[in-house]
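First the structure, in the form of structure tokens, and then the observations on it.
The values are calculated or read from the model by the stated rules, or taken from the named source; none is laboratory data. Everything quoted here is computed from the prediction, not taken from an experiment. Note that we place each Cβ from the backbone using ideal geometry, even for glycine, and neighbour counts take in every protein chain shown. Just so you know, the surface numbers come from the protein's heavy atoms only, side chains and all, with ligands and any DNA or RNA stripped out. Shrake-Rupley method; radii C 1.70, N 1.55, O 1.52, S 1.80 Å.
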Amino acid sequence: MPHARLAVLVSGRGSNLEALHAACGSGRLAAEIALVASNRPDALALTRARAAGIATLACDSRGTGDRAAWDMAFMAAVGAARPDWIVLAGFMRRLDGAAIAPWAGRMLNIHPSLLPRHPGLDTHRRALEAGDAEHGASVHFVTAELDGGPVLAQARVPVLPDDTPERLAARLLPLEHRLLVASLGALLSGRVRLHGDRVWVDGHAAVRPLQLSADGNLS
Ligand code: GRF
């Protein structure tokens, strides 16, 4: 199978980026990271990408007046790297619908909650405050709606009595990494795809998101 080209969009620390990079390096994903692009020039993820010898693009989104124009220019620059798939891994900006329209079904985001619960920020604290018995992460196709696109797969963790937002986040993060790699693997193999606004798995419209199992597979 020829290697797929990935563009990874980041704004922060880049641990999901590292998980993807490791999976590409080990052959677990038949892919290469062609570009790491950020709206935050100071993102640690960019430093990590440069250290790994990956091409980077930094376009500061702060202080830019015309949001839609910035989004369009940014996505054009990302597209110039000719990615097959675009992965948002801690990318903290909602992109305008017109800018992402050409990438429908080829753009994924990982979000640290069991969507549709807790879209947006501060998900670990909000899950605790809501008294949720369970928390988790979701990989979904990107649409113009914030954390609102069709959910492909999820990983779940129980909420423990002495949890803090920090403890919950730390327990979830390794599962996020496995979830993102497994989700991308399912896309690259053709097992999963977006058809209209529905996720299809193994040739059928999915009735619920795939779930990450203890062995790291999606079922
Ligand atoms: C992760 O929790 C991800 O789910 C969320 O932002 C965080 C990014 O972490 N969207 P990292 O930059 O990949 O370490």
Task: Close pairs (7 angstrom Cβ cut-off, 6 or more residues apart or separate chains): over 23 Å from S213 (Cβ atoms) in the stretch 161-176, within 14 Å of the ligand (Cβ to nearest atom) anywhere - done: P165/H124; P165/R125
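Might you check whether a residue that is within 13 Å of the chain's Cα centre (by Cα) and buried (at least 19 other Cβ atoms within 10 Å of the Cβ) occurs anywhere in the stretch 90-99? Write out each step before concluding.
From the stretch 90-99, those within 13 Å of the chain's Cα centre (by Cα) are 90-94; that's our starting set.
Within this subset, residues satisfying the condition of being buried (at least 19 other Cβ atoms within 10 Å of the Cβ) are 90-91.
Yes, because at least one residue in the stretch 90-99 is within 13 Å of the chain's Cα centre (by Cα) and buried (at least 19 other Cβ atoms within 10 Å of the Cβ).
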- [ ] Hey, can you tell me all the residues within the stretch 177-215 that are more than 23 Å from H3 (Cα to Cα) and either among the polar types (S, T, N, Q) or touching a helix residue (DSSP H, G or I) at 6+ places or on another chain (Cβ under 9 Å) (or both)?
- [x] L210, Q211, L212, S213
- [ ] Check off (1) surrounded by fewer than 22 Cβ atoms within 10 Å (Cβ to Cβ); (2) farther than 19 Å from A155 by Cβ for A133 and give me the number that stays unchecked.
- [x] (2)
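Restricting attention to the stretch 10-49, and to residues there that are of a type in the set (S, T, Y) and either part of a loop (DSSP other than H, G, I, E, B) or within 11 Å of the ligand (Cβ to nearest atom) (or both), which single residue is surrounded by the most Cβ atoms within 10 Å (Cβ to Cβ)? Spell out how you get there, then give the answer.
We begin by selecting, within the stretch 10-49, every residue of a type in the set (S, T, Y); these are 11, 15, 26, 38, 47.
Cutting the leftovers down to either part of a loop (DSSP other than H, G, I, E, B) or within 11 Å of the ligand (Cβ to nearest atom) (or both) gives us 11, 15, 38.
Numbers: S11: 20, S15: 16, S38: 28.
Restricting to residues being of a type in the set (S, T, Y) and either part of a loop (DSSP other than H, G, I, E, B) or within 11 Å of the ligand (Cβ to nearest atom) (or both), the top hit is S38.
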Task: Candidate set from the stretch 201-219 (those that are surrounded by 15 or more Cβ atoms within 10 Å (Cβ to Cβ) and of a type outside the set (G, A, S)); member that is farthest from L114 (Cα to Cα) - done: V201
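Those residues that are closer than 22 Å to L108 by Cα and either open to solvent by 30 Å² or more (accessible area, probe 1.4 Å) or in contact with a Ser or Thr (Cβ under 9 Å, 6 or more places away or on another chain) (or both), I need them from the stretch 171-187; list them, please. So that I can check it myself, show each step before the final result.
Initially, the stretch 171-187 is screened for residues closer than 22 Å to L108 by Cα, giving 172-187.
Selection gives L173, P174, L175, E176, H177, R178, L179.
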Open item on the list: Tell me the residue from R62, R94 that is within 13 Å of the ligand (Cβ to nearest atom), more than 26 Å from R191 (Cβ to Cβ) and either touching a Pro at 6+ places or on another chain (Cβ under 6 Å) or among the charged types (D, E, K, R) (or both), please.
Closed with: R94
TODO: Return only the number of the condition from (1) surrounded by fewer than 15 Cβ atoms within 10 Å (Cβ to Cβ); (2) away from the ligand (no atom under 15 Å from the Cβ); (3) farther than 20 Å from R106 by Cα that H3 does not satisfy.
DONE: (3)
Open item on the list: For the stretch 63-89, give me each residue that is touching a residue at least 12 places away in the same chain (Cβ under 8 Å) and either among the acidic types (D, E) or open to solvent by 70 Å² or more (accessible area, probe 1.4 Å) (or both).
Closed with: R67, D71, M72, R82, D84
- [ ] Show the residue pairs that are 6+ apart or on different chains and have beta-carbon atoms under 8 Å apart, the first residue being within the stretch 99-124 and closer than 13 Å to E176 by Cβ, the second being in a helix (DSSP H, G or I) and of a type in the set (K, R).
- [x] S113/R126
